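Step one of this worksheet: look at the structure below.
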Amino acid sequence: MLEITLPKLTHDMQTGAFVQWYKREGDAVKRGDALYAVETDKATVDVEAEAGGVLTGVLARPGDEIAIGQVLAYLAAPGETIETTGRVPGPGAGGRVVATPLARRVAREAGVDLRQVRGSGPHGRIVRADVLRVRRVQTTPAVGAADAPGADSDYEVVARSRVQAQTAARLTRMWQESPLYILDLDADMTEAIRWREKTGRARSFTTLLVKVAAAALENVPQVNSLWIDGELRRHRAVNVGVAIATPSGVIVPVIHDANQLTAQQIQARLAELRERAGAGRLMPSDLGGGTFTVTNLGMYGVDAFAAVINPPQVAILACGRIVETPVARHREVVIRPLLRLRLTVDHRALDGAEAAPFLVAVKDLLENPYRLI
Amino acid sequence: MTAGHMREITYLQAINEALREALAEDPRVFLMGEDIGQHGGAFGVTRGLWDAFGGERVRDTPISENTLAGAALGAALTGMRPVLEIMFLDFSLLALDQIFNEWAKVRYMYGGQCTAPVVLRSPQGGLSWKSAGAHHAQSLEALFVHIPGLKVVFPSTPYDAKGLLKAAIADDNPVIFLEHKAMYGDRGAVPEEPYRVPLGVADVKRAGDDVTVIAAGKMCHFALDAAALLAKEGIAVEVIDPRTLKPLDEETIFASVRKTHRAVLVQEAPRTGGVAAEWGMRIVEACFDWLDAPIVRLAGADVPIPYAHSLEAKVWPRSPDIAEAIRKLVALEI
């Protein structure tokens, strides 16, 4: 029984993408027969059989990324079978991730997607060192450690968590597909600050934003919609998502029926979601069903920013910090604490005349919080 | 290890000293077995004790293993602390009804109203200076480990042999004390003062970070030889000698595997149903998420021990086999 392994076909070749077999399992193969095609970094090439035999134990499948020297299949003598030699197809056959228990645990804890890791063990099995190589930028590499990045490289590849990778894919699609426009409006936060002081700062501005956005969505329901397959679906429930930064990426847990909750309930729910998000223990139900999103970077010192819509929602409300600003009131310049509200809107779903009343409603409620609370 | 004056003695002398001390310390202790008196035992372990303590306390017996085992238990139940020698562990199979069904169960079945402080001492294993064949070279520890109620000890050094035998004689439960017949002449440091090595405590014979090797008896020495060889190649091997096969010191083993993430298990006994299988399963149960490679087992072949020296030489793993397995494991070839 001979192993058919991937040869080095070009000078720089490390791996190849398997294209197809020209023979099937069980076919007789003569030396020199075209056996399979593989795509290298340069071109797709046909590879000939180096010996004759019966093609057996086929492991490589079209689309597989294969390393030089990796076993693709076996050539058996007539009558010889995989069973007679004790060989079995590698555990990675069929695209299954093969990793040691320790590698799996380390990957889980580091938020590394094992499908993105190349295994150095037998049959491409992923061991801990392979995961650490991917994760290395997240930790300070020890000097001289076996897993430290190569000193000759002038950059390092930053591992992205699955959350970050998925966020990137979703937002890229949204950005490419959606005609966006942005509405700005400043809210005078004098009363909001007074309200917050009265609560002894037990309530956050984010809580107030959720409460206010939920009430505004109730008043201007066309914003409380999802854009799915070219359909605008106006939702009855007002479920407000709040963007939260976690070590493994931005996630948007949802406060369901936010329009029916008191500020105290919203505050409590936010605290619970933040805690669970920090511990990585959010449930699917915590993350699903959002109809609108608010995002607040005020605590990071940003004045204002435009957010990317969280699809399939049709708008997102972004705000920064409250800025003491000179403004004209009754023909006089006074200093007022202003919050710049910036609403990003998907024009496929809403035009400006539909979105503007929503932003005005948010401003009015922020300036008069006692209407709500 | 222990304060006090140390000197080098053999494994055999260490066992002899433990028996001598136990006989002197406790009038309830007595020895029984075939040819152990005036002759000093088939391997000479009890040499000199008949002269020192007399035929009442170092008793020669007929060749009737099951009767001996029954008599030993009877003596234990009436307050004595017998130490029974079976000339070859292979012969203990004749006494298994008494050992498995009576020794192991009597304390339990009488609700703790009696104790069974009886020790079976017996040599096992091959690899000795001459081929001993199918009936004189077996490693049978797995049989005894399997029976609830028995403790099983298998020391690999003179120090451990003496201290563990003292602890075994002092224990109120039946203890199977296995001696490796190929190690009787091995020398090692042993204190002059009395001491005990507690049952159920493993010993890290060599510390290392790359791979854990678990091996008892003669195999522990082969593992240490392999570890010394591999140290020159930059592979740091930790060698754990369980010393007591039951109860097993899981914590020492688990801590080591959680450190090295790799385990190699070595036993002299045939592969199927051996103690290495038990060690491996316990590691999987407790350390699954720490394992970065498959657990590797080296064991004796599943064959009766051949008499022909050329064939016998192929039955058991040796240090080059252990070293090669570790090399492959570390090189990610396994």
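The values are calculated or read from the model by the stated rules, or taken from the named source; none is laboratory data. If you're wondering where the values come from, they're calculated on a predicted model, not measured in any experiment. Note that we place each Cβ from the backbone using ideal geometry, even for glycine, and neighbour counts take in every protein chain shown.
Against the list (1) farther than 17 Å from B:Lys166 by Cβ; (2) surrounded by fewer than 19 Cβ atoms within 10 Å (Cβ to Cβ), the condition B:Ala72 fails is (2).
The set of residues in region A:165-224 being under 30 Å from the mean Cα position of the chain (by Cα), over 30 Å from A:Arg115 (Cα atoms) and free of Cβ contacts under 8 Å to residues at least 40 places away in the same chain consists of A:Pro221 alone.
Looking across region A:236-283, the residues that are within 23 Å of A:Tyr300 (Cβ to Cβ) and charged (D, E, K, R) come down to A:Arg269, A:Glu272, A:Arg274, A:Glu275, A:Arg276.
Restricting B:Glu141, B:Glu85, B:Glu65 to those that are crowded, with 21+ Cβ neighbours inside 10 Å, closer than 22 Å to B:Gly300 by Cα and among the charged types (D, E, K, R) reduces the list to B:Glu141.
Given the condition aromatic (Phe, Trp, Tyr) and under 23 Å from B:Arg57 (Cα atoms), answer yes or no: does some residue in region B:98-114 qualify? Scanning region B:98-114, I find at least one residue that is aromatic (Phe, Trp, Tyr) and under 23 Å from B:Arg57 (Cα atoms), so the answer is yes.
The helices (runs of 4 or more DSSP H) falling completely within region A:72-163 that include 1 or more residues that are modelled with pLDDT under 60 map to A:82-85. For region A:346-361, the criterion of being part of a strand (DSSP E or B) and modelled with pLDDT of 95 or more is satisfied by at least one residue. On the basis of being free of Cβ contacts under 8 Å to residues at least 40 places away in the same chain, surrounded by fewer than 20 Cβ atoms within 10 Å (Cβ to Cβ) and either not acidic (Asp, Glu) or not assigned by TED's automatic domain parsing to the domain that holds B:Val119 (or both), does B:Ala299 make the cut? Judged against the criteria, B:Ala299 is not a match. Across region A:7-40, the number of residues qualifying as assigned to a loop (DSSP other than H, G, I, E, B) and either in contact (Cβ under 8 Å) with a residue 40 or more places away in the chain or within 15 Å of A:Val54 (Cβ to Cβ) (or both) comes to 13. I'd like the full set of residues that are crowded, with 18+ Cβ neighbours inside 10 Å and facing chain B (nearest Cβ under 10 Å), limited to region A:105-121. The answer is A:Arg105, A:Val106, A:Gly119, A:Gly121. Here is the figure for region A:219-239: residues that are crowded, with 18+ Cβ neighbours inside 10 Å, touching an Asp or Glu at 6+ places or on another chain (Cβ under 9 Å) and either closer than 22 Å to A:Ala306 by Cβ or modelled with pLDDT under 90 (or both) total 4.
When A:Tyr22 is tested against (1) under 39 Å from the mean Cα position of the chain (by Cα); (2) more than 19 Å from A:Gly69 (Cα to Cα); (3) at pLDDT below 85, just one condition goes unmet, and that condition is (3). Evaluate the following for B:Ala263: is it surrounded by 22 or more Cβ atoms within 10 Å (Cβ to Cβ), within 14 Å of another protein chain (Cβ to nearest Cβ), more than 23 Å from the chain's Cα centre (by Cα) and not charged (D, E, K, R)? Here the answer is no, as B:Ala263 does not meet what is asked. Here B:Ala116 fulfils each of the conditions (1) more than 28 Å from B:Ala299 (Cα to Cα); (2) surrounded by fewer than 21 Cβ atoms within 10 Å (Cβ to Cβ) apart from (2). Exactly one residue among A:Ala258, A:Ala215, A:Ala187, A:Ala192 is touching a Pro at 6+ places or on another chain (Cβ under 9 Å), buried (at least 17 other Cβ atoms within 10 Å of the Cβ) and aliphatic (A, V, I, L, M), and that residue is A:Ala192.
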